Amino acid sequence: VEYALSSLLNDLVNMIQKRATDKKLQFIVDADPDLPTILFGDEIRIKQIVTNVLTNAVKYTEKGSVTFRIGYEADGSDSVFLDFTVIDTGIGIKPEDMAKLFSEFERIEEKRNRSIEGTGLGMNITKRLLEMMGTSLKVESVYGKGSAFSFRLRQGVIKWDALGDYEAAHRASLLSMKKYKERFTAPDARVLVVD
C-alpha cells in the first residue's frame with residue numbers, strides 16, 4: 001500500500017518510547033531528513049519487524065540507550081533502499097550464542113535472562129519475514145557492550161518530498177496534543193477487547 005513514512009515512524013516511536021522511559025533508557029530516533037515522505041510497500045510487516053527488534057533492544061538493555069536509525073539510498077527514479085538500524089547498549093551476545101538467536105523457542109543465556117519475559121520466537125519470525133521480503137537481518141554484537149541489528153529493504157516511492165527534521169516534528173506534535181477531554185459517557189456500556 002501507499003504509506004506516509006512519518007506515520008510509520010510515529011507509530012514505532014509511540015510503541016517503544018514508554019518502555020524505554022520506564023527503564024530510564026535514552027531512546028534516540030535518527031531519521032535522515034531527506035527521506036521521501038510517501039512510499040509504497042508493506043507498511044504492516046515493516047512495523048512488525050522494527051517493533052520486534054526495538055522491543056528486544058529495550059528488553060535486553062538495562063542502562064544507556066537504544067538508537068533507531070533510518071536512512072536510504074535511491075534506486076532509480078521510483079524506488080529506494082531503506083536502511084534500518086537498531087543499536088543498543090545492552091548485554092550483547094556471545095559469538096557462540098549467535099546461532100541460537102534465530103532458533104524457535106530457544107533463548108540466549110537462559111539463566112542470566114530468566115527475569116526477562118519472552119518465548120524466544122520473536123527473532124525467528126523477524127528473520128523469516130525479512131527473508132520473505134527478499135532481505136536479511138544482520139547482527140553485530142560485542143558481549144557486555146551492546147548490539148546492532150540492521151536490514152535493507154526496497155520500497156517504491158510515491159512522493160519524493162523530503163521528510164525534514166523528524167525529531168523536531170515529533171516533539172512539536174507531542175506539544176500540540178491537547179489534554180484529553182471526555183466527549184461522552186456510557187455507564188451501561190459493555191466493552192469487548194480482543195487481542
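If Thr85 meets every condition in (1) surrounded by 20 or more Cβ atoms within 10 Å (Cβ to Cβ); (2) at pLDDT 95 or above apart from one, which number is that one?
With (1) surrounded by 20 or more Cβ atoms within 10 Å (Cβ to Cβ); (2) at pLDDT 95 or above applied to Thr85, the lone miss is (1).
State whether the residues of the range 16-25 include one that is open to solvent by 50 Å² or more (accessible area, probe 1.4 Å), outside any helix (DSSP H, G or I) and among the acidic types (Asp, Glu).
There is no residue in the range 16-25 that is open to solvent by 50 Å² or more (accessible area, probe 1.4 Å), outside any helix (DSSP H, G or I) and among the acidic types (Asp, Glu).
Would you point out the residue of the range 131-164, among those that are among the aliphatic types (A, V, I, L, M) and buried (at least 18 other Cβ atoms within 10 Å of the Cβ), that is farthest from the chain's Cα centre (by Cα)?
So the first thing to find is which residues in the range 131-164 are among the aliphatic types (A, V, I, L, M), and the list is 132-133, 137, 139, 142, 148, 153, 157-158, 162-163.
Now drop any that are not buried (at least 18 other Cβ atoms within 10 Å of the Cβ), which leaves 137, 153, 157, 163.
On the way: Leu137: 13, Leu153: 14, Val157: 21, Leu163: 18 Å.
Per the stated criteria, the residue is Val157.
Give the residues of the range 172-195 that are at pLDDT 85 or above and of a type in the set (A, V, I, L, M, F, W, C), sorted by residue number.
Of everything in the range 172-195, those that are at pLDDT 85 or above and of a type in the set (A, V, I, L, M, F, W, C) turn out to be Ala186, Ala189, Val191, Leu192, Val193, Val194.
Which residues, taken from the range 48-73, are open to solvent by less than 60 Å² (accessible area, probe 1.4 Å) and either in a loop (DSSP other than H, G, I, E, B) or within 18 Å of Ile158 (Cβ to Cβ) (or both)?
The answer is Tyr60, Thr61, Gly64, Ile70.
Taking the range 26-45 on its own, how many of its residues are of a type in the set (Asp, Glu), assigned to a loop (DSSP other than H, G, I, E, B) and either within 15 Å of Leu163 (Cβ to Cβ) or open to solvent by less than 60 Å² (accessible area, probe 1.4 Å) (or both)?
2
The values are calculated or read from the model by the stated rules, or taken from the named source; none is laboratory data. Note that the structure is predicted; figures quoted are calculated from it, not measured. No Cβ is skipped: glycine too gets one built from the backbone with ideal geometry, and neighbour counts run over all protein chains shown. Only protein heavy atoms, including side chains, enter the accessible area calculation; ligands, DNA and RNA are left aside. Shrake-Rupley method; radii C 1.70, N 1.55, O 1.52, S 1.80 Å.
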